[in-house]
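Trainee: Below are the structure tokens for one structure; questions will follow.
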Amino acid sequence: MATTSSNQGGTKPAAGRRTTSRRTTTRRATAARRAPRTTTTSTQPKSPVEQVQVLAERAVLVPVGASLLATDNLVSTVKGLATKYRTRTGLEREIKRFERRGATARNRFERQVKRTRTRFERQVRQRRSLVERTLKQNRRRFEREVRTVRKDLEKQSGIVSARVEKLVADAQGLIG
């Protein structure tokens, strides 16, 4: 019976086989990930001579490419202008477009100036009313202070004149 159970693949040997097959698959995937890719080529030349050659090619190709791009841009600009202004109607259409754009810019500028002027005038009015209010308050306060000082002075002068009269009367009484 022992041989039969081992031949039938009991739980331990079967489980062992399954994990082994999984490990193998995992090892293969990991090895494939770790393997360097040979399809890519290095952009850096290997020898100094190749490096000098690449630099010399760059020194020639960069200005050539830049001049070709500039030429393409110039040609497309000239072609665009030629197609726009080829006919009288095209020219008139562009002139009207420029006129509309100028009028829009002028109107926008005028609105901005008007807003700025209105804002400035409002600020001036607010400041003027604040100054007038402060001046009025200060004038009232000053007049109130002057009135109280005048009343105190009148009261004090009345007291002083009464004392002086009493002193004069007492002095006359002593003399006479």
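The values are calculated or read from the model by the stated rules, or taken from the named source; none is laboratory data. Computed from a predicted structure; not experimentally measured. To get the accessible areas, we keep the full protein, side chains included, count just its heavy atoms, and leave off ligands, DNA and RNA. Shrake-Rupley method; radii C 1.70, N 1.55, O 1.52, S 1.80 Å.
Trainee: Tell me, what is the per residue accessible area of region 71-154 in Å², probe radius 1.4 Å? Could you put the intermediate results ahead of the total?
Mentor: Details: 8260 Å² over 84 residues.
Accessible surface, normalised per residue, equals 98 Å².
Trainee: Full extension from TYR85 to VAL160: what is 0.36 nm times the residue separation minus their Cα-Cα distance, to one decimal in nm?
Mentor: Details: separation 75, 0.36 × 75 = 27.00 nm, distance 10.40 nm.
That pair, TYR85 and VAL160, stretches by 16.6 nm at full extension.
Trainee: On average, how much area does the Cα convex hull of region 101-165 cover when viewed from any direction, in nm²?
Mentor: If I average the Cα hull's projected area over directions, I get 4.6 nm².
Trainee: Against the empirical 2.2 N^0.38 Å scaling, what ratio does the C-alpha Rg of region 42-176 come to?
Mentor: Here the answer is 3.32, to two decimals.
Trainee: In region 52-146, carbon and sulfur make up what percent of the accessible area (probe 1.4 Å)?
Mentor: Details: 5280 of 9000 Å².
Here carbon and sulfur together make up 59 percent of the probe-accessible area.
Trainee: May I ask you to compute the full-extension gain from ALA59 to VAL168, defined as 0.36 nm times their residue separation minus their alpha-carbon distance, rounded to one decimal in nm?
Mentor: Here the segment from ALA59 to VAL168 would lengthen by 27.2 nm.
Trainee: For region 54-88 and region 126-161, what is the separation of their C-alpha centers, rounded to whole Å?
Mentor: If you average the Cα positions of each part, the centres end up 85 Å apart.
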